[in-house]
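Novice: Here's a structure for you.
Values in this text are rule-based calculations from the coordinates and carry no lab data. Just so you know, these numbers come straight off a predicted model, no measurement behind them. So basically every Cβ, Gly included, is an ideal-geometry build from the backbone, and we count neighbours across all protein chains shown.
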Amino acid sequence: MRSLAVVVPSAGAEEARRNLRDQGRLRHDLRVAHLDGRVAFPVYGPPDPVPRSAEVVELEFDSPIAAGPASYRELLTLPPGEAELLPRAFDVVGDLVLIRLPPELSPRAASIGEALLQFVPSARLVAWDHGVHGPERVRTLERIAGEGTFRTRHRENGLEIDVDLTKAYFSPRLAREHARVAGCVRTGERFADLCCGVGPFALHVARDGRAKSVVAVDRNPEAIGLLRENLARLGLEDRVTAVVAPLESFLSPPTVSDRAVLNLPHEGIKYVSPVSATVARGGTLHYFEVTPRELRASRGSKIVEQMQPVGSWSVEETHVVHPYSPDSDIVAYTFVRGPGP
């Protein structure tokens, strides 16, 4: 059967599928087609906007099929008590699938991995995500299905980023934040990406090309090595200064910026004051933190109290990025420094 189709590289297939599903464009009555490193999704109409890497064409698809499972959970047969423990959400990074499982499901990990491998288009490897640990913020991952390494090429916002999740920090849940912050950058600004991991904020800002300078800092040499590889592959190495350094040493003496990002959700608060001292008057600090829901209404003003000794700061905006635990969220705070001392 012939249908309009959106064709994307395999590395970005899961992100494209979710976007098409969320827009109500994805057809579920035709089989997805795999075309030599690309994936073709049958659609009712073109997405808005059309991703930079996508092509909208008409293709011949296999015969109509019955609706497939709406969730990987439908591919598993578990006792009711265990079925209720199955997570509803999982992360996709390139062709890797990450899921956090409760300990009670440990005996079922392999079958859960196989279900996800079957459910997620172009998935190559499924891992049990045991969280980010240590000063270099590296994930502890346990393979439960699939094969190959934990290095992959992830696509978000039209940008391809090589990551290795066992060596450097990267979160696919911040894709919209990477684009949002980059979109805020004004022509001629000096931009600093602090505790950058593989540097997605810096890469987005460098790709857009409005910043006068971009500095990306992380204490993990593996993370900075991956950032430099991405910069070279994308032809952006002249736009970003990538620095291996603990944040404390980078801040003394300070490198002044007009806009800075501090994405250190668990312990960033202890750096807020010294970081704010490096932001020029009239500048902006984008700060990400795990915040208990009961404190969120007043949390921004409390953080400002720690920043005030080094300038006149105010809260411009706050919003929840995504839930973190049953009683807390990852929250994005935007602070603006006043023109006075």
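Novice: Starting from the amide H of Val198, placed 1.01 Å from N in the peptide plane, find each other amide H under 5 Å away whose residue is 5 or more places distant or on another chain.
Specialist: Tyr169
Novice: Using each residue's phi in the stretch 171-186, evaluate 6.51 cos²θ - 1.76 cosθ + 1.60 at θ = phi - 60° and report the 3J(HN,Hα) Karplus result to the nearest Hz, with x for Gly and Pro.
Specialist: Coupling constants for the stretch 171-186: 10, x, 6, 9, 4, 5, 5, 4, 6, 4, 5, 4, x, 7, 5, 9 Hz.
Novice: Ok, one more. Reachable lysines from Lys302, Cα under 18 Å, same-chain residues fewer than 8 places away excluded?
Specialist: In chain and number order, the partners are Lys270.
Novice: Same structure again: Amide H to amide H under 5 Å from Ala192: which residues, 5+ apart in sequence or cross-chain, H placed 1.01 Å off N in plane?
Specialist: Long-range HN contacts for Ala192: Val215, Arg259, Ala260, Val261.
Novice: Sort the stretch 72-148 into rounded, prolate or oblate with this rule: let a ≥ b ≥ c be the square roots of the eigenvalues of the Cα gyration tensor; rounded if a/c is under 1.5, and if a/c is not under 1.5, prolate when a/b is larger than b/c, oblate otherwise.
Specialist: oblate
Novice: With a ≥ b ≥ c the root eigenvalues of the C-alpha gyration tensor of the chain, is it rounded (a/c under 1.5), prolate (a/b larger than b/c) or oblate?
Specialist: Prolate shape, in that a/c is at least 1.5 and a/b is the bigger ratio.
Novice: How large is the charge dipole for the stretch 72-148, taken about the Cα centre, if only the Cβ atoms of Lys, Arg (+1) and Asp, Glu (-1) carry charge, to the nearest 20 debye?
Specialist: Charge dipole, the stretch 72-148, about its Cα centre: 120 debye, nearest 20.
Novice: Can you find, among Gly45, Val7, Gln23, the residue farthest towards the positive end of the dipole of the stretch 2-60? Put +1 on the C-beta of Lys and Arg, -1 on that of Asp and Glu.
Specialist: Gln23
Novice: Apply the Karplus curve 6.51 cos²θ - 1.76 cosθ + 1.60, θ = phi - 60°, to the phi angles in the stretch 28-34 and return the couplings in whole Hz, x for Gly and Pro.
Specialist: Along the stretch 28-34, the couplings run 9, 9, 10, 6, 5, 9, 10 Hz.
Novice: Once you have the Cα-Cα distance between Arg281 and Leu85, take 0.36 nm times their residue separation minus that, and quote the gain in nm to one decimal.
Specialist: 65.6 nm
Novice: Extending each Cα 7 Å along its Cβ direction at Leu75 and Asp62, get the distance between those two points in nm, one decimal.
Specialist: That separation, rounded to one decimal, is 1.4 nm.
Novice: Check cross-link reach from Lys212 to the aspartates and glutamates: straight Cα distance under 13 Å, and skip same-chain residues fewer than eight apart.
Specialist: Result set, ordered by chain and number: Glu189, Asp238, Asp258.
Novice: Between Glu305 and Glu267, what is the FRET efficiency for a Förster distance of 22 Å, r being their Cβ-Cβ separation, to the nearest 0.05?
Specialist: Result of the calculation: an efficiency of 0.75.
Novice: Moving on. With a/c under 1.5 counting as rounded, go ahead and sort the stretch 189-281 into rounded, prolate or oblate using the C-alpha gyration tensor (a ≥ b ≥ c being the square roots of the eigenvalues; past the cut-off, prolate if a/b is larger than b/c, else oblate).
Specialist: Oblate is the answer for the stretch 189-281, as a/c is 1.5 or above yet b/c matches or exceeds a/b.
Novice: Just grab the label-to-label distance for Val50 and Glu237, each label 7 Å out from Cα along the Cβ direction, in nm (one decimal).
Specialist: According to this spin-label approximation, the distance is 3.4 nm.
Novice: Related question: Residue by residue through the stretch 316-328, what is 3J(HN,Hα) from phi via Karplus (6.51 cos²θ - 1.76 cosθ + 1.60, θ = phi - 60°)? Round to whole Hz and write x for glycine and proline.
Specialist: Couplings: 8, 6, 9, 7, 7, 7, 6, x, 10, 8, x, 10, 8 Hz.
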